[in-house]
Amino acid sequence: MDMDKLVSLCKRRGFLFQSSEIYGGFNGFWDYGPLGVELKRNIKESWWRDMVTGHDDLGQPEGAPSPYEMVGLDCTIIMHPQVWKCSGHFDLFCDFMVDCRESKKRYRHDQVRGRWVSYRDRRVFVATAVEDEQQLENVQQRALKFFNLRGKNAEDLLWETDLVSLTTVPEFSQVLGPDAKEPGTLTEPREFNLMFKTVVGALGGADDAAFLRPETAQGIFVNFKNVLDSSRVRVPFGIAQIGKSFRNEITPRNFTFRSREFEQMEIEFFCHPSESRQWYQYWRDRRYRWYTDLGLAGERLRLRDHDPEELSHYSCGTADVEYAFPFLQPGDFGELEGIAHRGDFDLRSHMEGKLAKDENGCLVVELGPDGKPRHKGSGRDLSYRDDLTGERYVPHVIEPSAGADRATLAFLCEAYTEDEAPDENGKMQSRTVLKLHPRIAPIKAAVFPLVKKDGMPEIAQEIYRELKQECNVFYDEKGAVGRRYRRQDEAGTPYCITVDSDSLTDKTVTIRDRDSLRQDRVKIDDVVAEIRRRIR
Ligand code: GAP
């Protein structure tokens, strides 16, 4: 599929516009037009219905260790700044970082130092992340090893500089990373302070700084106790939230795929630690199925388990639902959703303070230079007491975290089709059609009078008004009927209802199926029930 064609359709038909376009646009921000807003709302509503309101709290879904409950939340975008300190976003999002593709280690760009050295005709920058005194020694040893020299040949090395910061090196192809065996494995520095800062209140001092949330998840964690105390949920249960998130992405790109303002659909699922692996497996499969059920059924969709070295420090399992977006290289996939086993990291962080791994790999409160917690937690008890067994514990969390905009983009890419359909004279014509699942299609049905006379518009308008009570319907009486069909095909409308001369006598209309092009005659009295049945 040609991405340019989809981008042009999205603009032409009102799915997506560049934000502030009349002022030249604003990089990383997108507006949804009249059709786009319906599509995205339908995706979010399908998610909410399938995950929350339509979930059967009493039954045990296939693959789930037990029945479970689901509730929702709608939290603020701006929260207490301490939330982001304890969650780790404040520290982790605020520096330029470089990653090593070989060792999978991440370094603060300005904390890596090294020296330029040559031997014969080869020149490298030998980098080290080792602290103070040992830096020179470490660089020398690694340089010898790299050039395959013994200690007695140390004088053959030509050192060009003293230790200098990696920030003085414009390009990394000749940089031997601190834990790498070959040069050129460090990525470009990336700024990780992705949080948008704002000021709360009129004075605007440093103490008034706050952040736009970079994820909806933290609102759920900090309300965990409120939900427990106000509803009668028992572990295992999930809390869902849909809402805007903001990240000051360094390189927003690929249409809406990486935006600076986007919407997330997140679930934090709380369970007993002993069952958390089974629940992780359940959610991993359940969330993948949600996409296939809504039409991402082809081989462009995949579920990929992370390698152990890709996992966050607190996670014992993560899988991504990924889609082979047309703007990626062949064979590459982009993330639609991550399903992560987060252990008790989040609840403990908000109880005790920001956590970090100690030398034994255990999560402990991270201490500042003064020996006190680097970021103090709330001090609230966020453990759970099982009133049947009397056991008290901090639940483990499984987090399926999806992006509404990326899902919308993937559904659009998958739906975009060019094929042929006959015009009103039976002649085959090429057409562009969005084969969207009826549940998410912006308009469910269009109603046309074949001609604008003989009482046909009156019948069509009556059908239109009746159907409007059920779903989003469009009425169109302008132009040749073939062109009207084409416009609806491009908008992804699954059904077109046409009132023709037979309708005047036998009280029937045709319902045309967008994908099969089949036309069924249906009694006018049955149209609403028939459309209701088909779009479910
Ligand atoms: N709470 C976990 C979390 O936020 P994430 O992988 O950073 O995890 C989850 O984000 C989802 O949010 C992604 O899978 C993606 O669909 C969406 N997302 C993240 N950053 C995005 C961006 N800059 N633009 C659009 N969607 C984004």
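The values are calculated or read from the model by the stated rules, or taken from the named source; none is laboratory data. Fair warning: this is a prediction, and the values are worked out from it, not measured in the lab. Counting neighbours? That spans all protein chains shown, and the Cβs are built from the backbone with ideal geometry, glycine included. Only protein heavy atoms, including side chains, enter the accessible area calculation; ligands, DNA and RNA are left aside. Shrake-Rupley method; radii C 1.70, N 1.55, O 1.52, S 1.80 Å.
Restricting LEU149, LEU158 to those that are open to solvent by 60 Å² or more (accessible area, probe 1.4 Å), more than 18 Å from TYR107 (Cβ to Cβ) and among the aliphatic types (A, V, I, L, M) reduces the list to LEU158.
Of the listed requirements (1) within 16 Å of the ligand (Cβ to nearest atom); (2) open to solvent by 40 Å² or more (accessible area, probe 1.4 Å); (3) not in a loop (DSSP other than H, G, I, E, B), ASP332 misses just one: (3).
Meeting the requirement of 2 or more residues that are open to solvent by less than 60 Å² (accessible area, probe 1.4 Å) and within 16 Å of the ligand (Cβ to nearest atom), the helices (runs of 4 or more DSSP H) wholly within the range 197-297 are 217-222, 276-293.
Residues in the range 77-118 that are in a helix (DSSP H, G or I), touching a helix residue (DSSP H, G or I) at 6+ places or on another chain (Cβ under 7 Å) and under 19 Å from GLU249 (Cβ atoms): TRP84, SER87, PHE90, HIS109. Restricted to the range 161-175, and to residues there that are open to solvent by 80 Å² or more (accessible area, probe 1.4 Å) and assigned to a loop (DSSP other than H, G, I, E, B), the residue that is nearest to ASP99 (Cα to Cα) is GLU171.
Condition check for LEU16 on (1) modelled with pLDDT of 95 or more; (2) open to solvent by 40 Å² or more (accessible area, probe 1.4 Å): one failure, at (2). Of the residues making up the range 396-410, those that are within 15 Å of the ligand (Cβ to nearest atom), farther than 13 Å from PRO326 by Cβ and not small (Gly, Ala, Ser) are VAL397, ILE398, GLU399, PRO400, ASP405, ARG406, THR408. The residues listed here are GLY390, GLY426, GLY492; of these, the one that is in contact (Cβ under 8 Å) with a residue 12 or more places away in the chain and at positive phi is GLY492. Quick check on ASP57: is it in a helix (DSSP H, G or I) and open to solvent by 30 Å² or more (accessible area, probe 1.4 Å)? In short, no. Among the residues of the range 70-113, the ones that are under 22 Å from the mean Cα position of the chain (by Cα) and of a type in the set (S, T, N, Q) come to 2 in all. Looking only at residues of the range 397-438 that are touching a Gly at 6+ places or on another chain (Cβ under 9 Å) and open to solvent by 40 Å² or more (accessible area, probe 1.4 Å), we find that the one that is farthest from ASP50 (Cα to Cα) is ASN425. If you filter the range 408-431 down to residues that are touching an Asp or Glu at 6+ places or on another chain (Cβ under 8 Å) and among the small types (Gly, Ala, Ser), you find that the one that is modelled with the highest pLDDT is SER430. Please enumerate the residues belonging to the range 215-254 that are touching a residue at least 60 places away in the same chain (Cβ under 8 Å) and charged (D, E, K, R). Those that are touching a residue at least 60 places away in the same chain (Cβ under 8 Å) and charged (D, E, K, R): GLU215, LYS225, ARG234, LYS244, GLU249.
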